[in-house]
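The values are calculated or read from the model by the stated rules, or taken from the named source; none is laboratory data. Since the model is a prediction, treat every value here as computed from it, not as a measurement. Every residue, glycine as well, gets a Cβ built from its backbone with ideal geometry; the counts of neighbours run over all protein chains shown. These accessible areas exclude ligands, DNA and RNA; they are computed on the full protein's heavy atoms, side chains included. Shrake-Rupley method; radii C 1.70, N 1.55, O 1.52, S 1.80 Å.
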Amino acid sequence: QVQLVESGGGLVQAGGSLRLSCKASGRTFSNYVMGWFRQAAGKEREFVAGISWSGGSTNYADSVKGLFTISRDNAKNTVYLQMNSLKPEDTAVYYCAVNTRTSRLRSRDYDYWGQGTQVTVSS
């Protein structure tokens, strides 16, 4: 059974930081692309960041480039999202996902999803 469990969400003031974690189990996720998406209330889910299996390649949405950093620890089957200089518009449910189908970081190929963790940024 594939399972992705996110943690680290919460309430933070604008300008603050949060670090999300996603623990994967059930498969050898070190072989696969992993990513973070988010969905704000009333909006479609959007890509935030993706990372290759080795961690050597990353891709970010323009809105978070230079502010968020994705990383992974394959020994721990965990992917992270460090979020700095948070803004109220970053408020959303953040989802971890795995792409076992292709090597594309920014795509619709992600096929396993976590349950999400809420991030709320107050102004």
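Below are the figures for this structure:
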{"quantity": "Some residue of the range 67-77 being over 14 Å from the mean Cα position of the chain (by Cα), more than 16 Å from THR120 (Cα to Cα) and not polar (S, T, N, Q)", "calculated": "yes"}
{"quantity": "Members of the range 1-13 that are open to solvent by 70 Å² or more (accessible area, probe 1.4 Å) and polar (S, T, N, Q)", "calculated": "GLN1, GLN3, GLN13"}
{"quantity": "Residue in the range 19-30 that is farthest from the chain's Cα centre (by Cα), counting only those that are open to solvent by 60 Å² or more (accessible area, probe 1.4 Å) and in contact (Cβ under 8 Å) with a residue 60 or more places away in the chain", "calculated": "ARG27"}
{"quantity": "Filter pass, SER52 being of a type outside the set (Asp, Glu), touching a residue at least 24 places away in the same chain (Cβ under 8 Å) and at negative phi", "calculated": "yes"}
{"quantity": "Selection status of LEU11, touching a strand residue (DSSP E or B) at 6+ places or on another chain (Cβ under 8 Å), at negative phi and not in a strand (DSSP E or B)", "calculated": "no"}
{"quantity": "Matching option when the condition is among the hydroxyl-bearing types (Ser, Thr, Tyr) and farther than 24 Å from GLY15 by Cα, among SER71, SER63, SER52, SER122", "calculated": "SER52"}
{"quantity": "Counted residues, the range 59-102 - those being of a type in the set (Ser, Thr, Tyr), more than 24 Å from ALA41 (Cβ to Cβ) and touching a residue at least 40 places away in the same chain (Cβ under 8 Å)", "calculated": "4"}
{"quantity": "Answer residue from the range 107-123, given it is among the charged types (D, E, K, R) and surrounded by fewer than 15 Cβ atoms within 10 Å (Cβ to Cβ) and is modelled with the highest pLDDT among those", "calculated": "ASP111"}
{"quantity": "Unmet requirement for GLY16, which otherwise passes all of (1) crowded, with 20+ Cβ neighbours inside 10 Å; (2) under 13 Å from VAL119 (Cα atoms)", "calculated": "(1)"}
